[in-house]
Amino acid sequence: MLNIGVIGCGGMGRDHIERLTSKIQGAKVVAVTDVVEENAKKAAEICGGKIYATGKELIQAPEVEAVFIVSPGFAHVEPLLEAIKAGKRVFCEKPLCTTAEDCLKVVKAEAEAGKHLIQLGFMRRYDKGYIQVKEALQSGAYGEPLMLHCTHRNPEVGTNYDTPMAVYDTAIHEIDTLHWLVDDEYESVQVILPRVTKYSHSALKDPQIMLMRTKKGVCIDVEVFVNCKFGYDINCEVVCEDGAIKMAQPPYPSIRKNAAAASAIDTDCFVRFKDAYDTEVQNWVDCAAEGVINGPTAWDGYLAAVTADALVKAQESGQIEKVVTAVEKPEFYK
Ligand code: NAD
Ligand code: ISE
């Protein structure tokens, strides 16, 4: 049984605690912490874990064998470095950190420690729909990928959500998943800002069209629209030389009524990607027993961060911006 401590017990933290407590085999949550005591208490009620005052104390607790970091991205770097120092395995929700500089610190610390300890919560790599698209691409039956058309729509976001968050918080999923899907790396990016929806506010340009070009020349467009109102709507189509592959949607029935046919759309990520979260976490727990990590790594988190930085620069400049890494991929991550 893998004893886990969870740092950050908000929406996603409690979702993971429920999962670890009632679904996942071979793990249990024995400790929790949150800067808001009330949130830690609510979490402890779900799992029965001990409440710690700080992330540092939780990581150092002898009964904690592995750590879940589910605090906001800006608070990830400290517990990541602390867990590496303590030699404890980590599942860290996306993003790895909010700056490329901090991501690089984590990458270097893990490589210096010489042991793979960190898995990043890019759960779309575990989603059945994306996996089917990847398998179709790998079959070679459709030729090389040329273009991707994608949407990432949320029904709405809070008033503290601003223009850069459309990249750092939302499109970060596409940034990771899409280059993994076509097995390529990003070369440059651009952002086009259409007319703003009446449901947005002065600090948020919504919607946005993000364009990414890979080193092999694949052109990707992602519509990010976080106040679309109608649902949590994720789409991906890969246009290849010998066919176009569209990701399957969740299998809801089409219902005919009142001279109309309609099928449901999910309204949040917790439902849309429920199976993917379950699979990624079970996989991380199973890998712990073997002492390995086989999901997205800290290096994937660094790559996503430099691409995100280029997109945010492009939001401001309106120009095509290069995606630049400060270092080559370390041997440790190859
Ligand atoms: P949230 O605001 O609901 O919860 C964050 C919690 O962390 C809050 O309870 C807050 O009090 C606590 N917190 C803040 N600073 C802390 C610190 N230094 N130490 C301990 N606790 C601290 O946010 P959320 O939606 O639960 O997001 C948390 C993380 O999960 C983020 O990294 C986010 O990007 C990620 N997330 C991932 C997905 C996904 O689809 N993979 C979905 C939602 C959120
Ligand atoms: C949230 O943090 C997520 O990760 C969701 O998957 C994404 O759709 C949403 O925009 C983010 O705020």
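The values are calculated or read from the model by the stated rules, or taken from the named source; none is laboratory data. Just so it is clear, the model here is predicted, and its values are computed rather than measured. Neighbour counts run over all protein chains shown; Cβ positions are idealised from the backbone, glycine included.
Here are some notes:
- Taken together, the criteria place N3 among residues that are of a type outside the set (A, V, I, L, M), more than 16 Å from ligand 2 (Cβ to nearest atom) and not in a helix (DSSP H, G or I).
- With respect to the stated conditions, E38 fails to be away from ligand 2 (no atom under 16 Å from the Cβ) and farther than 25 Å from Y161 by Cα.
- Count of residues meeting criterion [assigned to a helix (DSSP H, G or I) and within 16 Å of ligand 2 (Cβ to nearest atom)] in region 64-86: 3
One line per residue, one yes/no per condition, for (1) at pLDDT 95 or above; (2) closer than 13 Å to V67 by Cα; (3) surrounded by 15 or more Cβ atoms within 10 Å (Cβ to Cβ); (4) not acidic (D, E):
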site: N3; (1), (2), (3), (4): yes, yes, yes, yes
site: V6; (1), (2), (3), (4): yes, yes, yes, yes
site: G10; (1), (2), (3), (4): yes, no, yes, yes
site: R14; (1), (2), (3), (4): yes, no, yes, yes
site: E38; (1), (2), (3), (4): yes, no, no, no
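- Verdict on K94 being more than 13 Å from ligand 1 (Cβ to nearest atom) and closer than 25 Å to G291 by Cβ: no
- Checked against the criteria, D233 does not count as exposed (fewer than 13 other Cβ atoms within 10 Å of the Cβ) and either over 21 Å from the mean Cα position of the chain (by Cα) or charged (D, E, K, R) (or both).
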